[in-house]
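Quick notes on the structure that follows.
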Amino acid sequence: HASTALLLPSARCLFDQPVQVKVEGLRSRQVVTMRARSMDEKGVVFSSSATYRADGSGKIDLLRDPSLSGSYVGVEPMGLLWSMKADALHKYFFKDNALQPHVVKFSVHEEGREDRMLAEVTNERLLIGNGVSRVPVKGRNFQGVLFTPPGQGPFPAVLDVSTFASEKRASLLANKGFVVLAVPVYTDKPHNVKQTNLDHFKEAVDFLQQQPKVKSLMLLKGLSGGEIALSLAAFVPGVEATVWINGCSAVSLVPLYYENQQIIPPLLFDTNKMIHTESGASIIKYGLGNPLAEKNKGSLVPIEQAKGRFLFVAAEDDHCWDTKACMDQMVERLKHHGKENFETVRYPGAGHLMEPPYSPYCPSSFSGVISYVVLWGGEARAHAAAEVHLWSKIQEFFKTHLSCDAAQTKPKL
């Protein structure tokens, strides 16, 4: 009695595209365990499993059928992907090399019998689309990776600033018709870094603006570097749109320098104010100096100086920063200066690490910035749904606020 597992529309797709998982040829109403398995770039195996019941004709369709138990319950067409986790605690799924696909093996087993496999199918999830070029770049004071879509352009350009070198989001955005330069905040061990030089990031901005296929520029703040994106928007001309995701409204940890002088002193981090949980992970959001406190006003980024537009994104269950308070504060500040050049999105139930969709949800992992295992926050299902929504929101925001035709260009508010 042969059963088959199918992936529609195809077993090869882009990383951020949903797939429809179907099984055919089971017995009528047969109960099976479905599994997904993938190995990350550090060799760590992540997996998920869920129990499904076939319909009267021996078919299962994850778009329609609920998981009855397992890594998640209910109708979650991509649940097997986002609920994958490692056997050990505090593991983050490292998938960064844009040239290698994210390979996921889906399999169908007799209920509760891992050794009795009935069908399997492999999903290749590509980070880089056809014709997109990937070029490592080294400037005088910055290094990064440049992704350029095929075709003549001109294309809008994005500087994607993330804590450490990361290519996933940059290559996926390039697939959508953006020239993207991914630049890390840290190229050295964080404890060796005594200051952040805005000039280095301005150099990256200038480099992007000189690319032949580029027409206009925006910034995407990664999982950190929020204050860098804000500061570039405030101090460097030509930035048309900035996305800030789960960051801080102030400069934190080390001072910000520009043109050889300190322009903003940092909020400091007090490790004694961290909350350690039984799992071994810590909630760090109370460790950072309060950006709302009067004495810390000097550390806030003067975002009212920015000429471009902002999209502020706050996950309301962020355990890393108090992003909601920071976002509210920035909105107040802009309104106080009579500005309306911003929009906001809030995600209840989402945690700090918001990534491109269908990544394995990571509740906690080691933070290289403060050298502790950190609880990121979020509830898996709500977090996964928020990532899908945010991904389309970012693209829509950039496409709305970047255009090369002068007639279409939105007036600056």
How about region 103-189: which GluC sites (Glu not before Pro) there lie in a loop by DSSP and see at most 13 other Cβ atoms within 10 Å? GLU111, GLU114
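Before I look further, what does the chain give for accessible area per residue, probe 1.4 Å, in whole square angstrom?
Values: 18080 Å² over 413 residues.
With the other protein chains kept in place, the chain gives 44 Å² per residue.
Over region 287-413, what relative contact order in percent results from Cα pairs under 8 Å that are six or more residues apart? Could you put the intermediate results ahead of the total?
Numbers: 162 pairs, mean separation 30.5, N = 127.
Result for region 287-413 is 24 percent.
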Does region 133-402 come out rounded, prolate or oblate by the C-alpha gyration tensor, with a ≥ b ≥ c the root eigenvalues, rounded set by a/c under 1.5 and, if not, prolate when a/b is larger than b/c and oblate if not? rounded
In deg cm²/dmol, rounded to 500, what helix-only [θ] at 222 nm does the chain give when every DSSP H run of at least 4 residues adds -39500 (n - 2.57) and the total is split over its residues? -5000 deg cm²/dmol
Taking Cα atoms only, helix 380-401 is inclined relative to the longest principal axis of the chain by an angle, in degrees rounded to 10, of 50 degrees
What angle do you read, to the nearest 10 degrees and between 0 and 90, between the alpha-carbon axis of helix 323-336 and the longest principal axis of the chain? 40 degrees
What ranking of PHE310, PHE235 comes out by heavy-atom accessible area, probe 1.4 Å, highest first? PHE235, PHE310
Translational diffusion of region 4-126, µm² s⁻¹ [Kirkwood Rh, Cα pairs; Stokes-Einstein; 4 °C; 1.567 mPa s]: 88 µm²/s
I want to make sure I understand the PRE zone here: with the label point 7 angstrom from the Cα of GLU278 toward its beta carbon, which residues in region 373-403 have backbone N atoms less than 20 Å away? 373-380
Which stretch or stretches of region 197-216 have amide N atoms under 19 Å from the point lying 7 Å from GLN143's Cα along the Cα→Cβ direction? 197-205, 207-208
Inter-centroid distance (Cα atoms) of region 252-278 relative to region 109-152, Å: 34 Å
Could you tell me the relative contact order of region 4-126? Use alpha-carbon pairs under 8 Å, at least six residues apart, and round to a whole percent. 31 percent
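Starting from region 39-146, pick out the trypsin sites (Lys or Arg not before Pro) whose DSSP state is loop and whose Cβ has at most 14 other Cβ atoms within 10 Å.
Values: sites: LYS42, ARG53, LYS59, ARG64, LYS85, LYS91, LYS95, LYS105, ARG113, ARG116, ARG125, ARG134, LYS138, ARG140; in loops: LYS42, LYS59, ARG64, LYS91, LYS95, ARG113, ARG116, ARG140.
Sparse-neighbourhood loop trypsin sites (Lys or Arg not before Pro): LYS42, ARG64, ARG113, ARG116, ARG140.
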Given charges at beta-carbon only (K, R positive; D, E negative), |dipole| of region 4-126 in Debye: 120 debye
Heavy-atom accessible surface of region 292-413: percent carbon and sulfur, 1.4 Å: 54 percent
What's the local net charge at VAL179, with K and R +1, D and E -1, over the other residues with C-beta under 10 Å away? +2
I want the local charge near VAL331. Using Cβ-Cβ distances under 13 Å, sum +1 for each Lys or Arg and -1 for each Asp or Glu among the other residues. 0
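Only Lys, Arg, Asp and Glu count, each charged at its Cβ (+1, +1, -1, -1), so figure out the dipole size of the chain about its Cα centre, rounded to 20 debye.
In total the dipole reaches around 520 debye.
Over its Cα atoms, what ratio of radius of gyration to 2.2 N^0.38 Å does region 31-95 give?
Working: Rg = 13.1 Å, N = 65, 2.2 N^0.38 = 10.7 Å.
Ratio of Rg to 2.2 N^0.38 Å for region 31-95: 1.22.
Tell me, in nm to one decimal, what length is gained between THR400 and ARG53 on full extension, where the rule is 0.36 nm per residue of separation less the Cα-Cα distance?
On the way: separation 347, 0.36 × 347 = 124.92 nm, distance 4.40 nm.
Extending this stretch completely gives an extra 120.5 nm.
Mean separation of Cα pairs under 8 Å and 6+ residues apart, divided by the residue count of the chain: what relative contact order is that in percent?
Values: 1019 pairs, mean separation 52.8, N = 413.
It rounds to 13 percent for the chain.
Summing Lys, Arg as +1 and Asp, Glu as -1, what charge do residues with Cβ under 15 Å from the Cβ of ASP55 carry, ASP55 excluded? Can you show the working numbers first?
Numbers: positive: LYS22, ARG27, ARG29, ARG53, LYS59, ARG64; negative: GLU24, ASP61, ASP65.
With Lys, Arg at +1 and Asp, Glu at -1, the net is +3.
Quick one: of LYS138/LYS168; LYS176/LYS215; LYS295/LYS339; LYS42/LYS105; LYS85/LYS189, which pairs are farther than 22 Å apart, Cα to Cα? Please list the in-between numbers first.
Working: LYS138/LYS168 19 Å; LYS176/LYS215 15 Å; LYS295/LYS339 25 Å; LYS42/LYS105 18 Å; LYS85/LYS189 27 Å.
From LYS138/LYS168; LYS176/LYS215; LYS295/LYS339; LYS42/LYS105; LYS85/LYS189, over 22 Å: LYS295/LYS339; LYS85/LYS189.
Give, rounded to the nearest 20 debye, the magnitude of the charge dipole that region 83-167 has about its Cα centre when Lys and Arg contribute +1 at Cβ and Asp and Glu contribute -1 at Cβ.
On the way: 10 positive and 10 negative charges, 95 e Å.
Charge dipole, region 83-167, about its Cα centre: 460 debye, nearest 20.
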Need the list of lysines near LYS335 for cross-linking: C-alpha distance under 18 angstrom, and skip anything on the same chain fewer than eight residues off. LYS297, LYS307, LYS324, LYS412
Once amide H atoms are built 1.01 Å from N in the peptide plane, which residues 5 or more positions from VAL214, or in another chain, come under 5 Å H to H? PHE155
Would you be so kind as to identify which of GLY56, ALA36, SER10 lies farthest towards the positive end of the dipole of region 1-58, taking Lys and Arg as +1 and Asp and Glu as -1 on Cβ and the Cα centre as origin? GLY56
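Could you calculate the FRET efficiency of LYS307 with THR122 from 1/(1 + (r/R0)^6), where r is the beta carbon distance between them and R0 is 60 Å, rounded to 0.05?
Working: r = 48 Å, r/R0 = 0.80.
That gives a FRET efficiency of 0.80.
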Which of GLY308, GLY280, ILE245 sits closest to the plus end of the dipole of region 200-331, meaning its Cα is farthest towards the positive end, when Lys and Arg get +1 and Asp and Glu get -1 on the C-beta? GLY308
Please name whichever of TRP321, LEU267, LEU230 sits farthest to the positive end of the charge dipole of the chain, dipole taken about the Cα centre and charges placed at Cβ: Lys and Arg +1, Asp and Glu -1. LEU230
Can you give the angle from 0 to 90° between the axis of helix 198-209 and the longest principal axis of the chain, with both taken from C-alpha atoms, to the nearest 10? 70 degrees
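The values are calculated or read from the model by the stated rules, or taken from the named source; none is laboratory data. These numbers were taken from a predicted model, which means no experiment stands behind them. Ideal geometry is used to build each Cβ from the backbone, glycine not excepted, and the neighbour counts take in all protein chains shown. The area values use the complete protein model at the heavy-atom level, side chains included, leaving out ligands, DNA and RNA. Shrake-Rupley method; radii C 1.70, N 1.55, O 1.52, S 1.80 Å.
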